[in-house]
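Working notes, structure below.
The values are calculated or read from the model by the stated rules, or taken from the named source; none is laboratory data. What you are looking at is a predicted structure, and each value in this text was computed from that prediction instead of being measured. Positions of Cβ are generated from backbone atoms using ideal geometry, with glycine treated the same way; all protein chains shown enter the neighbour counts. Areas reflect the complete protein model, heavy atoms only, side chains present, ligands, DNA and RNA absent. Shrake-Rupley method; radii C 1.70, N 1.55, O 1.52, S 1.80 Å.
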Number of protein chains: 2
Amino acid sequence: MSEHLSDTARKTTLTPLLENGWSLDETRDAICKEFRFGDFIEAFGFMTRAAIWAEKWNHHPEWFNVYNKVQVTLTTHDVGGLSALDVKLARKMDGLAG
Amino acid sequence: MSEHLSDTARKTTLTPLLENGWSLDETRDAICKEFRFGDFIEAFGFMTRAAIWAEKWNHHPEWFNVYNKVQVTLTTHDVGGLSALDVKLARKMDGLAG
């Protein structure tokens, strides 16, 4: 089961993400990032790989795509905010986006 | 090359879409629809099939997904509004969503 990120975990795990293009959502406890790719094939290829990880971990993003752009928001609905699952999926997405 | 939909084409081609869950965007010349599926695998499966058609036709949707929900907006940026390509992709998506 996921739990709301503790203050300590926020400092240690969120900080590197915030330094790597993620930002805190202004309206709720969530993190967001816009990924840009060369074209639609690359953008949707990224989404496809991320989708399989998301399903495997049973933790799904909110995301918007238009052509080469993918805007991602991560939060954990079950806990009403950020959990370790969001950090894990954010790191995976950064890795997949290469 | 795509052209802006004529008034006649709007009547004949848009009407069936508007009767099938599509609606006109209130802020610009575009059509929107929210598709709902049983789960994420079905929703992303739909997106994957639609993505390949979109790329094949070089006409890409704006779309948002969270879990089993896919919100689609179609418009033709090159013509600043709806074209026959939007109608074609909307019909295809309806077919893929079954």
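Kindly check whether there is at least one residue in the range B:38-58 that is of a type in the set (S, T, N, Q) and closer than 23 Å to B:Arg10 by Cα.
Yes, because at least one residue in the range B:38-58 is of a type in the set (S, T, N, Q) and closer than 23 Å to B:Arg10 by Cα.
Hey, does the range A:21-32 have a residue that's out of contact with any Leu (no Cβ under 9 Å at 6 or more places or on another chain) and closer than 17 Å to A:Gly95 by Cβ?
Yes, because at least one residue in the range A:21-32 is out of contact with any Leu (no Cβ under 9 Å at 6 or more places or on another chain) and closer than 17 Å to A:Gly95 by Cβ.
Between A:Lys56, A:Lys69, which is within 13 Å of chain B (Cβ to nearest Cβ) and either surrounded by 16 or more Cβ atoms within 10 Å (Cβ to Cβ) or in contact with a helix residue (DSSP H, G or I) (Cβ under 8 Å, 6 or more places away or on another chain) (or both)?
Criteria check complete, one pass: A:Lys69.
May I ask you to say which residue of A:Thr76, A:Thr13, A:Thr48 is β-branched (Val, Ile, Thr) and more than 14 Å from chain B (Cβ to nearest Cβ)?
A:Thr13
Among (1) exposed (fewer than 12 other Cβ atoms within 10 Å of the Cβ); (2) more than 24 Å from A:Lys69 (Cβ to Cβ), where does B:Ala9 come up short?
Only one criterion in (1) exposed (fewer than 12 other Cβ atoms within 10 Å of the Cβ); (2) more than 24 Å from A:Lys69 (Cβ to Cβ) is unmet by B:Ala9, namely (1).
Within the range B:22-37, track down each residue that is open to solvent by less than 90 Å² (accessible area, probe 1.4 Å) and out of contact with any helix residue (DSSP H, G or I) (no Cβ under 8 Å at 6 or more places or on another chain).
Result: B:Ser23, B:Asp25, B:Asp29, B:Cys32, B:Glu34.
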